[in-house]
Amino acid sequence: MFFKKEYYHCIENKVINIKGEDKFDFIQGIISNDINLLKKNISIYSAMLTPQGRFLFDFFLTMQNDTFFLECNENYLESILKKLELFKLRSKVEIFINENINVLYSSAENGEKIKNNFPNIISFNDPRFKKFFSRIYISKSNLNSLKKFERTFINRDEFENLRLRNFIPDFFYDAIYEKSLLLELRFDELNGISWNKGCFMGQEVTARMKYRGLLKKKIYGVKISFNTFLENEIKSENEKVGKLFSNNKRFGIALIDCKKVNKEKEYFCGDSKIKIQEPCWN
């Protein structure tokens, strides 16, 4: 996904630290993935749901020096902190924003190399994919040093074009808060759900959808032949088949009725044509 010397400084993502002797038990019941995987894996992808199984937030979790690093979109930050404090009760944990951490994305190769050049770097392959790209947590001082090397930093628009071209969802834009369901968002394909961990908030609804085959719609990539404008609705003739989320007028993410998907067919969004694509992430 990234060229060899490219980095993206994701200033819109922030990091919350969670530490203390009860940290595993504290967070296990409120996330969709199994926190115990961090005892053998470097990172996991997960979400918080409403009791009705509706999407609230997605985030990444990793652990270093007995401390969890929870990376999330800055727009989620205060809401996640409130949720964590609400469920903390008497658990022996500390929860705080790490103001010194910057989040970078780069190639898997760069992610490995950077660990050899800078101390205290956290670098890991994005757990949603096999080896699509690396996520890097770097201090402000090390980031300034990194920028002095011959490295190419891409801007937000360039990153969005890469993301959309590869049909990678960003659920701040590509989900409906308190309405979307995890299987609609392909969270199982993105390694964001544990089916073996037992109960978590919203687990019953999520499991029922899986085992009873109740899924009616889910996200797809779309290729866009842009004419003059796009709308939210995707149609086949006069019938609504889905909803367009983030896009750059060439590629996008859309929520589509599973029964109406025909990858050979052209659909319409505004006066532009749409072709539905199955994401190929791994």
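Is it true that SER134 is small (Gly, Ala, Ser) and either touching a helix residue (DSSP H, G or I) at 6+ places or on another chain (Cβ under 8 Å) or more than 24 Å from ILE27 (Cβ to Cβ) (or both)? Judged against the criteria, SER134 is a match. Checking every residue in segment 192-208 against the condition of being surrounded by 19 or more Cβ atoms within 10 Å (Cβ to Cβ), in contact with an Asp or Glu (Cβ under 8 Å, 6 or more places away or on another chain) and under 21 Å from ASN161 (Cα atoms) gives zero matches. Hey, could you check segment 154-174 for residues that are surrounded by fewer than 18 Cβ atoms within 10 Å (Cβ to Cβ) and of a type in the set (Lys, Arg) and say which is nearest to ASN191 (Cα to Cα)? Step by step, filter segment 154-174, then rank; the result is ARG165.
Restricting segment 58-108 to residues that are without any contact (Cβ under 8 Å) to a residue 24 or more places away in the chain and not hydrophobic (A, V, I, L, M, F, W, C), the residue that is farthest from PHE132 (Cα to Cα) is ARG90.
All told, LYS243 meets the bar of being closer than 23 Å to ASP188 by Cα, outside the structural domain of PRO127 (by TED's automatic domain parsing) and surrounded by 13 or more Cβ atoms within 10 Å (Cβ to Cβ).
Do you know which of the residues in segment 1-40 that are closer than 24 Å to GLU160 by Cβ and of a type in the set (Ser, Thr, Tyr) is farthest from the chain's Cα centre (by Cα)? Lay out the reasoning, then the answer.
Let us first name the residues in segment 1-40 that are closer than 24 Å to GLU160 by Cβ, namely 1-15.
Narrowing the set further to residues that are of a type in the set (Ser, Thr, Tyr) leaves 7-8.
Values: TYR7: 18, TYR8: 16 Å.
Among those residues, the one meeting the criterion is TYR7.
Listed here are the strands (runs of 3 or more DSSP E) enclosed by segment 183-282 that have at least 3 residues being among the basic types (Lys, Arg): 217-225. Candidates are the residues of segment 130-153 that are polar (S, T, N, Q) and part of a strand (DSSP E or B); the one that is surrounded by the most Cβ atoms within 10 Å (Cβ to Cβ) is SER134.
The values are calculated or read from the model by the stated rules, or taken from the named source; none is laboratory data. Keep in mind that this is a model prediction, so the values were computed, not measured. Here the Cβ is made from the backbone with ideal geometry for all residues, glycine too, and neighbour counts use every protein chain on show.
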